[in-house]
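Written out below as C-alpha cells is the structure these notes cover.
The values are calculated or read from the model by the stated rules, or taken from the named source; none is laboratory data. Note that the structure is predicted; figures quoted are calculated from it, not measured. Here the Cβ is made from the backbone with ideal geometry for all residues, glycine too, and neighbour counts use every protein chain on show. Please note that ligands, DNA and RNA were not included when accessible areas were found on the heavy atoms of the full protein model with its side chains. Shrake-Rupley method; radii C 1.70, N 1.55, O 1.52, S 1.80 Å.
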Amino acid sequence: MSEAGIRDRTKEGFQELVLAELPALYSLARRLVRDGAEDLVQEALLQAFRAFGTLREDGAAGRWLKTILVNVFRDQVRKRSRTVDERPMGDLSDFSLYRTLVDEDPFPYSDSLHTDFLQVFDSEDLREVLIRLPDIYRIPLVLRYMDGFATKEIARLLEAPLGTILARLHRGRRLFERELWAYAEEAGLLTKERAR
Amino acid sequence: MTDTKAIPCSEAVRQLWDYLDHAIPPEDQEKVEKHLSFCRSCCGELEFAKEMRAFLATSTAQEIPPHVKERLERFVERL
C-alpha cells in the first residue's frame with residue numbers, strides 16, 4: 001500500500017480489492033439479467049481494471065464496481081434496442097397489493113396477513129418476479145431499494161431526468177406489487193402456505 | 001401559508017413511497033401526513049410500504065456458486 005487505506009494501482013492491488021466484491025457484484029448482475037450474469041461481471045471487471053487509476057479510495061471500491069457494472073448493463077440494453085421498452089403493462093392505477101391481500105385474504109387464520117405474504121417468497125422467487133419487469137422499471141427499482149442508490153445517482157447513471165426516474169420508480173413499484181401477487185398465485189405459494 | 005388541503009386516499013397512497021423517501025416537496029409531505037392522521041386504511045398501506053421496503057432491502061443475498069466464483073477469480077488473475 002502506498003498510503004494508509006489506498007492500495008497501489010497495480011494488477012495485484014486490483015485483484016486484492018475486487019475478489020472480496022465478487023459475491024455482491026454477481027448478485028447485482030443476477031438481479032439485472034435473466035441470463036449472462038457472469039459475462040456481465042467479467043465485462044465490468046475488465047472495464048474496472050482499465051479505469052483502476054480513477055478509484056480514489058479503497059473503501060469506495062464496492063460502489064465504484066457496482067456503478068461500472070450498471071454502466072455496462074445500460075450500454076448493453078441500449079445496443080440491444082434503440083427504443084425504450086414502454087410496453088403497455090395494463091392499467092395499474094387502481095391496483096393495491098395491500099387491498100388485494102385484505103380482499104382475497106389468502107391466509108384466513110393469520111394475524112399478520114401482509115407480513116406472512118412477503119415471507120412466502122425466497123430469494124429465487126423474488127428474482128423471478130423482478131426479472132418479469134421490463135428493464136426500464138426493474139433497473140431503478142433494484143438500484144434504489146435493493147442496492148441503496150439515491151434517485152439522483154440513478155438518474156445520472158441512467159442518463160435520464162430525475163422526474164423520469166421518479167415516474168419509473170412509481171410505476172415499477174406498482175408493477176412489482178402486481179407481479180408479486182400474480183407470481184404467488186401461479187407458483188402455488190399461497191396454497192402451500194395455507195396448507196401449513 | 002402552506003396549502004394543506006385534504007387529499008383523497010388515492011393521492012395519499014400514490015405518494016407513500018416518495019413520502020418515505022422524502023422525495024416530495026415539504027407541502028406535499030405535510031398533506032400526506034395530514035391524511036394519515038385520520039385515515040386508518042392509508043396507515044395500513046404505509047406500514048405495508050415500510051415492510052415491502054425492508055423486504056427488498058434484506059433480500060439481497062450475496063450468494064455466488066463456487067464454480068462461478070472460481071471462474072471469476074481466474075478471470076481476475078488473468079487480467
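Report the residue count in region A:23-52 for those that are open to solvent by 50 Å² or more (accessible area, probe 1.4 Å), assigned to a loop (DSSP other than H, G, I, E, B) and touching a helix residue (DSSP H, G or I) at 6+ places or on another chain (Cβ under 8 Å).
Of the residues in region A:23-52, 1 are open to solvent by 50 Å² or more (accessible area, probe 1.4 Å), assigned to a loop (DSSP other than H, G, I, E, B) and touching a helix residue (DSSP H, G or I) at 6+ places or on another chain (Cβ under 8 Å).
Are any residues in region A:18-34 within 10 Å of chain B (Cβ to nearest Cβ) and more than 12 Å from the chain's Cα centre (by Cα), and if so, which ones?
Those that are within 10 Å of chain B (Cβ to nearest Cβ) and more than 12 Å from the chain's Cα centre (by Cα): A:Val18, A:Leu19, A:Glu21, A:Leu22, A:Pro23.
Taking the options A:Glu124, A:Glu104, name whichever one is within 12 Å of chain B (Cβ to nearest Cβ), open to solvent by 20 Å² or more (accessible area, probe 1.4 Å) and without any contact (Cβ under 8 Å) to a residue 60 or more places away in the chain.
A:Glu124
Quickly run through region B:1-26 and pick out the residues that are surrounded by 12 or more Cβ atoms within 10 Å (Cβ to Cβ) and away from chain A (no Cβ under 14 Å).
Residues satisfying the conditions are B:Thr4, B:Ile7.
Based on this model, can you work out whether B:Leu36 counts as surrounded by 18 or more Cβ atoms within 10 Å (Cβ to Cβ), hydrophobic (A, V, I, L, M, F, W, C) and in contact (Cβ under 8 Å) with a residue 24 or more places away in the chain?
When the stated conditions are applied, B:Leu36 does not pass them.
Looking at region B:40-52 only, could you name the residues that are at the interface with chain A (Cβ under 7 Å from one of its Cβ atoms) and either open to solvent by 50 Å² or more (accessible area, probe 1.4 Å) or in contact (Cβ under 8 Å) with a residue 40 or more places away in the chain (or both)?
Within region B:40-52, just B:Glu51 meets the criteria.
Could you grab me the full set of residues in region B:53-69 that are open to solvent by 20 Å² or more (accessible area, probe 1.4 Å) and not in a loop (DSSP other than H, G, I, E, B)?
Of everything in region B:53-69, those that are open to solvent by 20 Å² or more (accessible area, probe 1.4 Å) and not in a loop (DSSP other than H, G, I, E, B) turn out to be B:Arg53, B:Ala54, B:Phe55, B:Ala57, B:Pro66, B:His67, B:Lys69.
As an exercise: evaluate B:Pro65 against (1) farther than 28 Å from A:Arg168 by Cα; (2) touching a Leu at 6+ places or on another chain (Cβ under 8 Å) and give the number of the one condition it does not meet.
If we test B:Pro65 against (1) farther than 28 Å from A:Arg168 by Cα; (2) touching a Leu at 6+ places or on another chain (Cβ under 8 Å), just (2) comes out false.
Considering A:Ala20, A:Ala61, which residue is open to solvent by less than 10 Å² (accessible area, probe 1.4 Å) and modelled with pLDDT under 95?
Just a single option satisfies the conditions, and that option is A:Ala61.
A:Ile131 is checked against (1) surrounded by 17 or more Cβ atoms within 10 Å (Cβ to Cβ); (2) more than 9 Å from chain B (Cβ to nearest Cβ); (3) in contact with a Lys or Arg (Cβ under 6 Å, 6 or more places away or on another chain) and fails just one. What number does that condition carry?
(1)
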